[in-house]
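The values are calculated or read from the model by the stated rules, or taken from the named source; none is laboratory data. From a predicted model like this one, the values you see are computed outputs, not experimental measurements. Cβ placement follows ideal geometry from the backbone for every residue including glycine, while neighbour counts extend to all protein chains displayed. To get the accessible areas, we keep the full protein, side chains included, count just its heavy atoms, and leave off ligands, DNA and RNA. Shrake-Rupley method; radii C 1.70, N 1.55, O 1.52, S 1.80 Å.
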Amino acid sequence: MESEEQARNRFQSELEFIQCLANPNYLNFLAQRGVLRERPFINYLKYLLYWKEPEYAKFLNLNLTFYSVF
């Protein structure tokens, strides 16, 4: 079972990763290396879909996401 500290660390890591996905340069980097086609990566993205839920989405920093795109 995951400790409270481990859960916090996982939450923070996943939050940061999702915000990185808003950066087109990072997505290009992943695409050039073929990561976006790898089954483990696709499965991880499916796992991360829970971030669409309001109780998690509220933690996304829209300013960081917006500025990384433009």
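Restricting the search to the stretch 38-54, which residues are of a type outside the set (A, V, I, L, M) and open to solvent by 50 Å² or more (accessible area, probe 1.4 Å)?
Scanning the stretch 38-54 gives E38, R39, P40, N43, Y44, K46, Y47, Y50, K52, E53, P54.
Identify the residue in the stretch 5-37 that is farther than 17 Å from L49 by Cα and of a type in the set (F, W, Y) and, among all such residues, is most open to solvent (accessible area, probe 1.4 Å).
Of everything passing the filter in the stretch 5-37, F29 is most open to solvent (accessible area, probe 1.4 Å).
So, in the stretch 27-39, of the ones that are over 20 Å from L15 (Cβ atoms) and part of a helix (DSSP H, G or I), which residue ends up nearest to the chain's Cα centre (by Cα)? Please lay out each step first, then the result.
Of the residues in the stretch 27-39, the ones over 20 Å from L15 (Cβ atoms) are 28, 31-34, 36-39.
Add one more test, that the residue is part of a helix (DSSP H, G or I), and what stays is 28, 31-32, 36-37, 39.
Values: N28: 15, A31: 15, Q32: 18, L36: 13, R37: 16, R39: 16 Å.
Per the criteria, the residue is L36.
Do any residues in the stretch 24-49 that are of a type in the set (S, T, Y) have Cβ atoms under 6 Å from those of residues that are surrounded by 12 or more Cβ atoms within 10 Å (Cβ to Cβ) and assigned to a helix (DSSP H, G or I), where the two are at least six apart or on different chains, and which pairs are they?
Going by the 6 Å Cβ cut-off, the qualifying pairs are Y26/C20.
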